[in-house]
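Only one structure is covered here, and it is reproduced in the block below.
The values are calculated or read from the model by the stated rules, or taken from the named source; none is laboratory data. Nothing here was measured: the structure is a model prediction, and the numbers come from that model. Positions of Cβ are generated from backbone atoms using ideal geometry, with glycine treated the same way; all protein chains shown enter the neighbour counts. Surface accessibility is based on the protein's heavy atoms, side chains included, excluding ligands, DNA and RNA. Shrake-Rupley method; radii C 1.70, N 1.55, O 1.52, S 1.80 Å.
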Amino acid sequence: MLLTESGQEIPCICITNRRLCKGDFYEKIKEIAAAGVADAIILREKDLPEETYFQMADRVMRICEEFQTPCIPHTYLKSAQLLHCQNIHLPLGVLEKMEQKEKDSFEKIGSSVHSLEQAERAYELGADYVTAGHVFETDCKKGIPGRGTGFLSEICKRIRIPVYGIGGVSKENAESIIKAGAKGVCLMSGFMNGTL
């Protein structure tokens, strides 16, 4: 749970990006898991070759297990299945190509969406939750204005699964995401560069 400036506790997912870490990536994962601030960690190193990703995921999952923090693989179905993961997070394009038997091998499937149409599509395809963004301006997408909480509110009204706001989220603006109807928030930079 993320504790906002006013003291409100908000469900919070950590999204990884090893390139934002100032120190050792695995030490950072350990620090996040040990702190208990993240309700789950999505391992989003999707630029890696799958074999390298598998090795990283295996190590990260062991760290997360030690602190009872759920670790959710991202993108790579085969790796997630080999690691006996119950949950996975997917880009919408990957979810669209999944066969039903692949979906059935997971208890929970999340998807990243960037529009109302994408959110509705993910819902139709059986996603259990979506991350929607980017809500606010963020260094990860420099120069591209945030879509705002109105965008998030529209998605929350139209689909019947939990929605997590992502993009430029901080302790200062997290409550506005909940007010828009979201279940919780996702943070990358705040966790990876240690500003939380």
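Descriptive notes on the structure:
- Semi-axis lengths (Å, descending) of the ellipsoid that matches the C-alpha gyration tensor of the range 1-71: 23, 13, 11
- The alpha carbon radius of gyration of the range 122-196, expressed as a multiple of 2.2 N^0.38 Å, is 1.08.
- Spatial separation of Cα centroids for the range 44-83 and the range 113-134, in angstrom: 22
- Applying a 4.7 Å Cβ-Cβ cutoff to the chain, the cysteines left without a disulfide-compatible partner are CYS12, CYS14, CYS21, CYS85, CYS140, CYS156, CYS186.
- Candidates per trypsin sites (Lys or Arg not before Pro) in the range 94-188, loop by DSSP, up to 11 other Cβ within 10 Å: LYS142, ARG160
- Taking only alpha carbon atoms, the range 36-135 gives an Rg to Rh ratio of 0.96, where Rh is the Kirkwood radius.
- Accessible surface, 1.4 Å probe, highest first, among residues LEU92, LEU3: LEU3, LEU92
- Accessible surface of the chain [probe 1.4 Å, protein heavy atoms]: carbon and sulfur percent: 47
- Residue among ALA34, ALA174, ALA80 with the largest mean-square fluctuation in a Gaussian network model of the chain, springs linking Cα atoms under 10 Å: ALA34
- Relative contact order (percent, whole number), the chain, Cα cutoff 8 Å, 6+ residue spacing: 21
- Just checking the listed ones, PRO162, PRO73, PRO49: in the Gaussian network model of the chain with Cα springs under 10 Å, the one fluctuating most is PRO49.
- Cleavage-rule hits, GluC sites (Glu not before Pro), the range 61-144, DSSP coil, Cβ neighbours within 10 Å at most 16: GLU99, GLU107, GLU137
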